[in-house]
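Working notes, structure below.
The values are calculated or read from the model by the stated rules, or taken from the named source; none is laboratory data. Just so it is clear, the model here is predicted, and its values are computed rather than measured. Cβ atoms come from the backbone with ideal geometry, glycine included; neighbour counts cover every protein chain shown. The accessibility values were calculated without ligands, DNA or RNA, using every heavy atom of the protein model including side chains. Shrake-Rupley method; radii C 1.70, N 1.55, O 1.52, S 1.80 Å.
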Amino acid sequence: MSFIIEGWTSPVIPASESQRIDSLTQHGLLLHTSEDIFDTFTSLAKSFTHADVSVLSFVAEDSQWNKSQTLPGARKIDRELSIDAHLIGDGLDYLHIPDMQADERFFNHPRVTDGETIHAYLGVAVHDRNGHILGVLSVYKTIAYKFSSANIEHLTLLAQQVEQVISRTHNVMASAQENQIMAHETLKEDNTNTSYAKFTGLINGSQAFIHQVQESMGNVQNITGVQGQILVLEIQKFHYLKTLYGTDFMQHLDREIQYRLANILPESCCTGRLDKTQFGIYLSAELHISQVDYCTALKESLEAPIEYSGKHIYLNINMGISTIYHPHSDLQENISAAREALSYAGIQNQYYHEHDDEYERLLERASQIEQRLRSAVNQNAFTLVYQPIVETQTQTMMGMEALVRWRWKPTEFLSPSEFIPIAESVGLIKPLSKWILRTACIEFAGLQEEYSAPLYLSVNISPCEISAEDFVHNVFSALHESGLRPAQLQLEITEHALMTDFAKAVTKLEQLNQAGIRIAIDDFGTGHSSLQYLQHLPVDTVKIDHSFIEQISMKGEGTPILKAIIALSHEMGIQLTAEGIEQWHQAKYVRDNDIATAQGFYYAKPKSIKETLLTLTNVDFA
């Protein structure tokens, strides 16, 4: 029931209020803190709609709590003064009030007449998976203003992204708690007849860890056969976290990891810190633990959000596993094998990997590749092919991306996805990348002498390359030697390339961009913080990752994330390029949604520079 107070109306209470409050509590949204994970969405909402202020709020029993807002101000508002609560009470998907002073519900409202002087309001509901309205993403202006249908659509897309963040965070926290309880109970039950030493905290160093494992193995009744497993667990982007959040946070992180490991590991388990970023765990064979279930429980427990200074900070955890087959096995070799499996897990985008016979085969292949790679780099035994980048509206070629190929055996071309990571790991990527950039510029300059239509060349930049001190110098040297103008070159970088030192990377890219060189973000949308980084980078083009293109339905429907990327880029004036176009309905979608350029097998396969030149005059990408 609502009531009128001196010319304004209080919000009603929805029929599903108890279920709504329960959902807010379960999702952890009633903690009275701001959360910077949502700041990107309020910032974009304000930008998209040209509003004065944007707020993401969650309405509790008696108060509205602002989790994110673009201007300083009160985080808590009484519910009877909440405009967002009207949307919730009426069960609306959105509420649009162009002129608050002309609306009988609000013409004398304190937030209209005093203080904030809200005169125009637009709010969109944020739901849980059961359809209950948890909160509102809203914008407002201090003058009367009619928000457009496009504003409503943009705000709705951002609200859907907020819903995904809330759902994902809730799933991680709930699953981690559930798995932690299940794993602890199972391991506790398995340990009832054991007599191992009690878990007393983390020990430091691999030798101390090995000594502890040997002592534990000495108590195992299984004299022969498999003794257990060594897990090496690694925190990804450790140095980035230290740079971003500081030493105090790293100390807090260390305590938090110890606490979480202590809660989920059995008392009989051995654990220790191998180095700053890696932890070792020994699981006895007598525990009879499911490897998949336990790795999942570990990962979900350690990746649950860490609260620090009012923020939720997320970790990425990878694991490598090695089995101890004999009681007198060399445990240092087991640790090394687990570390090798850990590296492979990262390359294969898996969260854990076990060292096994197949992995031995892959290691042998990697060793062969590394040996041949060294001589190949010295002998320039690589070739470049070029894939057209096509303007979607006119079907004309605007540029081309240089792609490296290596015939490492007479009958086998090796995929860059296989040899580039090896080149990065053994320190060969810098000379290889320098050769790619230089050769691509020279070949492209030769093509432009024969074919004068204006085109641009796009070259991928390795994360290792961008961190090199001579990176900027190498780029300008390649331009000078080839005779290309800066405007003819585009450099493609991934979000991962910025992680080592974001500030230095931005400084280098700004220097190149100011000289006229285009900057493109490759594989956009696949990183955790793409929206945040985009606002601080000198970016000309965003390349939409092929994974989003693959999800376009035959009916021409893109995912909410794809729609948000398109809307964001259009609002910021950044050109879009769609990667991986292979089918007609995908080409139609990118054309209909004003994605400027695209590339993929639908238009053309990569070709040598000579083949590209021969076909340029007969190009037809329709």
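Given R0 = 60 Å, the distance between the Cβ atoms of TYR451 and GLN214 translates into a calculated FRET efficiency of 0.30. Coordinate range of the alpha-carbon atoms in region 444-588 per principal axis, descending: 49, 41, 25 Å.
Based on protein heavy atoms only, region 448-594 ends up with 45 Å² per residue of surface accessible to a 1.4 Å probe.
Name the shape class, rounded, prolate or oblate, that the alpha-carbon gyration tensor gives for region 82-135, where a ≥ b ≥ c are the square roots of its eigenvalues, rounded holds for a/c under 1.5, and otherwise prolate holds if a/b is larger than b/c and oblate otherwise. Here region 82-135 falls in the prolate category.
Model label points for ASP248 and GLN583, set 7 angstrom from Cα along the Cα-to-Cβ axis, are 5.3 nm apart.
Rounded to the nearest 20, the Cβ-based charge dipole of region 399-489 about its Cα centre (Lys and Arg +1, Asp and Glu -1) stands at 120 debye. Computed from the C-beta positions of ALA381 and ALA468 and an R0 of 25 Å, the FRET efficiency is 0.65 to the nearest 0.05. Shown is the FRET efficiency for GLU17 and ASP103, computed with R0 = 30 Å from the Cβ-Cβ distance and rounded to the nearest 0.05: 0.80. Across region 596-610, coupling constants 3J(HN,Hα) worked out from phi with the 6.51/-1.76/1.60 Karplus curve, θ = phi - 60°, read 4, 9, 8, 8, x, 5, 4, 8, 5, 7, x, 9, 5, 5, 5 Hz, and Gly and Pro carry x. Each residue of region 374-386 is assigned a 3J(HN,Hα), and the resulting list reads 4, 6, 5, 5, 5, 9, 6, 8, 10, 10, 10, 10, 10 Hz, derived from the Karplus form 6.51 cos²θ - 1.76 cosθ + 1.60 (θ = phi - 60°), x at Gly and Pro. Note on ASP93 and GLN393: their simple-model spin labels are 2.9 nm apart, each label 7 Å out from Cα toward Cβ.
Taking every protein chain into account, the accessible area of region 71-168 amounts to 44 square angstrom per residue (probe 1.4 Å).
Structure note, pairs LYS311/LYS563; LYS563/LYS588; LYS237/LYS607; LYS434/LYS605; LYS504/LYS610: Cα-Cα distances above 26 angstrom occur for LYS311/LYS563; LYS237/LYS607; LYS504/LYS610.
A cut-off of 5 Å between modelled amide H atoms, ignoring neighbours fewer than 5 places along the same chain, links TYR308 with ILE313. On a per residue basis, the convex hull of the C-alpha atoms belonging to region 56-119 measures out at 94 Å³. Once backbone amide H atoms are built at 1.01 Å from N, ASN460 has ALA402, GLU492 as its partners under 5 Å, excluding neighbours fewer than 5 places away on the same chain.
Carbon and sulfur: what percent of region 405-482's accessible surface (1.4 Å probe)? Percent of accessible area from carbon and sulfur atoms in region 405-482: 53.
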